[in-house]
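Every number here is computed from the coordinates shown, using simple stated rules; none is lab data. Keep in mind that this is a model prediction, so the values were computed, not measured. As a convention, Cβ positions derive from the backbone with ideal geometry for all residues, glycine included, and neighbour counts pool all protein chains shown.
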Amino acid sequence: MSDGEARVTRSEEETVAVARELAGALNAGDVILLSGNLGAGKTAFVRGLASGLGLDPEDVSSPTFTLVHEYRGGRLTLYHADLYRLERIATEDIGLEEMGVADGVLAIEWPDRLAHVLPGAREIQIEIVDDTTRRISMP
C-alpha cells in the first residue's frame, strides 16, 4: 500500500490482508497512526500487521484497558497502543516515542488523542462504507 493509495475491503479478512501486505515494508522505528470510528477495523488492521511481521494475529486484542500491548517473536516487535479512553495527552507521559524506535513497529489507535505530531509516522484512515465494506487510505 503506497502513499495516496486507497483500498476497499469487503471483509475483516481483506482488511487483515491489506495490513499484512503493508507489514512487509515496515522497518524498526516505523510508527503507524490508525484513525477510524469505533468498529472500523483498527484492531483487525493491527492483526494484519502482526501476521505480516511473523507474529500470531490471534494474540492481538484491543489494548483499551492496558494502553499498550507488546508482541515479540516475529521479524520485528509490534507495540499496539489504544488511546481511546485517554484525554489529549503528551506522548512523553506514557513513553510512546521510546517504544517504537529501537526494535519494532508502533501502531497507535485513536492518534487524535496525541498532543503533538509524531514525525515520520504513517497515517492510515479506515472509513466504514457499510456493514462489511471499509475504505483504507494512507494520505
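Pairwise Cα separations in the stretch 1-87 fall into 10 Å bins from 0 onward with the following percentages, short to long: 17, 53, 28, 2. With the simple spin-label model, which puts each label point 7 Å out from Cα in the Cβ direction, the VAL129 to ASP59 separation comes to 3.3 nm. Kirkwood radius for the stretch 100-139, taken over all pairs of different Cα atoms as the inverse mean of 1/r, rounds to 12.2 Å.
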